[in-house]
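For reference, the structure discussed in these notes is given below.
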Amino acid sequence: MNTRGLRPSRAFPGLLLLLLATAARSQTPGVTDSEILIGSCSALEGPSHFLGTETVAGANAYFAMVNEAGGVDGRKLKLLAYDDSYDPAKTQACFDRLLNQKVFALAFFVGTPTAVKYVPMAEANKIPLIGLFTGAQTLYAPLRHWVVNVRASYFDETREQIDGLRKTLGYKKIGVIYPDDAFGSAVLEGVRTALAASGSEPVAVASYQRQTAQVGGAIDTVRAASPDAVVVVGPSNTVAPILKQSHAKNWKPLFLTVSFVGTDELIQEAGSDAEGMVITQVVPPYYLTDLKTVALYRRALQKYAATSRPNFVSLEGFVDAMVLVEGLKHAGKDLTREGLIRGIESIHDFDAGLGSQLKITYSPRDHKGFKHVLPTVIRGGRAVPFTDWSTVIVK
């Protein structure tokens, strides 16, 4: 055999690298030369379906825009979104379904009670889990290698609330009404932590059965302590009844809640009873189109999801998808799950187009995107941002 024409020192290493790269791609689930498969479990049905369907709508709008422009390194993005009804009992089946579909990564999950089930599953299977619609502290500390958060935490939201109430308004007596689940416990912990910083604690706390309107007992318990303000925890289908029943009893302290409530659905369900409520947000109002990404979101939603109305939830899904895509770009063409995590960790001072306070920096020691929250108050059926807490009180 004549081997004189072969030059192993030059030809073989290059060929070997090509073969190894091809093999790596072929072994990465959910990645082909033309497609990247992303999986999602969220509330697409049930009483909290607004949160899931709108998160997915925003994410799909961003994916559609990216795909029309050629995708990421020539690969189109495909989202498989399945329902878990915001029910912890349905999480294993939904996760297994995504595993069977061999998705590359997970994203756009909704809720704390379900997230605390999904996170260990993702970690055990070493699958990236990006952009969860929950601010529970357990997702942020300790650092979880396979979990990447975009939104600010409930600790950030409740700290903003308590600082505003105590330092600006001078309110000392703070109550909490919360669901008896992991979400309620997470926000309650945030309130307790924020109050402890000034040597205080809630004047009264009471829980109610999750996903129900059986809130009368909790209202009466907290009302008996005569709080100046009350942090109400829950999705809109439970917060709206709390507001309505409280006002029907002529009990009108300053009510506050966190971003998970689904502001726009709350306004629709509670009507005039939502007026004056303070809601901390993790993305700017969707009507501030002078912000680059808000304007982009509105155009994408109109083009790719014409039946969807703009709202805080789908805007957050859109932003989550943007961060995921940015991570894919940083990961490079030879895409692996570990490479996606490293790609996201290499994002520094990323201008999300949402204002100077909402820039993103990740690192191997920090998987939290936004640190800033924006307080809003419901005025005339719209969430209006404010910076001066004294303007919340109508005199």
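Each reported figure results from applying straightforward, stated rules to the coordinates on display, with no laboratory input. Everything numeric here is computed off the predicted structure, so don't read it as measured data. No Cβ is skipped: glycine too gets one built from the backbone with ideal geometry, and neighbour counts run over all protein chains shown.
Here are some notes:
- Relative to the Cα centre, the charge distribution of the chain, modelled as +1 at Lys and Arg Cβ and -1 at Asp and Glu Cβ, gives a dipole magnitude of about 840 debye.
- 15 Å Cα-Cα reach of K359 towards aspartates and glutamates, excluding residues that sit fewer than 8 places from it in its own chain: E316, D320, E326, E345, D349, D351
- With respect to the chain, whose longest principal axis is taken over its alpha-carbon atoms, helix 154-163 is tilted by about 30°.
- Structural descriptor for the chain: relative contact order 18 percent, calculated from alpha carbon pairs under 8 angstrom and at least 6 residues apart.
- Here, P(r) means the percent of Cα pairs in each 5 Å bin from 0 to the largest distance; for the stretch 238-349 it is 2, 10, 16, 15, 14, 14, 11, 8, 5, 3, 2, 1, 0.
- The phi torsions of the stretch 109-114, fed into the Karplus equation with coefficients 6.51, -1.76 and 1.60 and a -60° offset, translate into couplings of 8, 10, x, 6, x, 7 Hz, rounded to whole numbers, with Gly and Pro shown as x.
- Dipole magnitude of the stretch 134-229 about its Cα centre (Cβ charges: Lys, Arg +1; Asp, Glu -1), debye to nearest 20: 140 debye
- The alpha-carbon of K78 sits under 19 angstrom from the alpha-carbons of these lysines, leaving out residues fewer than 8 places away in its chain: K102, K303, K329, K333.
- Range in the chain, longest, excluding exposed GluC sites (Glu not before Pro) [loop by DSSP; at most 16 other beta-carbon atoms within 10 Å]: 46-274
- Summed residue charge, Cβ within 9 Å of G58's Cβ, Lys/Arg positive, Asp/Glu negative: -3
- Dipole of the chain, positive end: most advanced residue of I267, V119, V222 [Cβ charges, Cα centre]: V119
- The angle between the Cα long axis of helix 182-196 and the longest principal axis of the Cα atoms of the chain comes to about 70 degrees, rounded to the nearest 10.
- The stretch 307-368 and the stretch 58-137: distance between their alpha carbon centers, rounded to Å: 14 Å
- Normalised size of the chain, defined as Cα radius of gyration per 2.2 N^0.38 Å with N residues, equals 1.08.
- For the stretch 246-395, size of Cβ-based charge dipole, Lys and Arg +1, Asp and Glu -1, in debye: 160 debye
- Relative contact order of the stretch 282-395, pairs being alpha-carbon contacts under 8 Å that are 6 or more residues apart, as %: 21 percent
- Our compactness index for the stretch 83-124, the C-alpha radius of gyration over the empirical 2.2 N^0.38 Å, is 1.04.
- Over the chain, DSSP H runs of length four or greater, each weighted -39,500 (n - 2.57), average out per residue to a 222 nm ellipticity of -13000 deg cm²/dmol.
- Nearby aspartates and glutamates by direct alpha-carbon distance to K252 (threshold 12 angstrom, same-chain neighbours under 8 apart not counted): D228, D273, E275
- Neighbourhood net charge (9 Å Cβ-Cβ; Lys/Arg +1, Asp/Glu -1) for K359: -2
- Each other residue within a Cβ distance under 9 Å of A43 adds +1 if Lys or Arg and -1 if Asp or Glu, for a net charge of -4.
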